[in-house]
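Chemist: What follows is a structure written as structure tokens; I'll ask about it next.
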Amino acid sequence: MTQANLYKFIEDEKNKKQDDDAEERRERGNAFVIAGWIFLLFGVMVALFFHPSSPRYGNVNIRNLALGLAAVGIALKLWGNKIRRSAPSKY
């Protein structure tokens, strides 16, 4: 194997690893976005179904739970989008 072929082989391996890393980042970012949507959905469901009855029973923590779930969901969505944007485009 000549020096030029060895250099080309090493460069090809680096590019292949970068492509795999970019794909992994995109998948991880998508997973965080989906998890964020799920947390946001659960926050809305808690607010819709449990919040109207919570003042009757003297429990105001339901509102805090719904807000916390929504905040975690929004944070996960933003973090997932940041991870997806950090991956280089394949085109």
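Chemist: Relative to the present Cα-Cα distance, how much length would full extension add between N81 and L48 at 0.36 nm per residue of separation?
Modeler: Working it through step by step, the gained length comes to 9.1 nm.
Chemist: For the residue pair I38 and A71, what label-to-label distance in nm results when each label sits 7 Å from Cα along the Cα-to-beta-carbon direction?
Modeler: Each label point is offset 7 Å from its Cα along the Cβ direction, giving 2.2 nm.
Taken together, the values in this text are just the output of simple stated rules run on the coordinates, not laboratory data. The shown structure was predicted, so the numbers you read here are calculated from the model rather than taken from an experiment. Cβ: placed from backbone, ideal geometry, glycine included. Neighbour counts: every protein chain shown.
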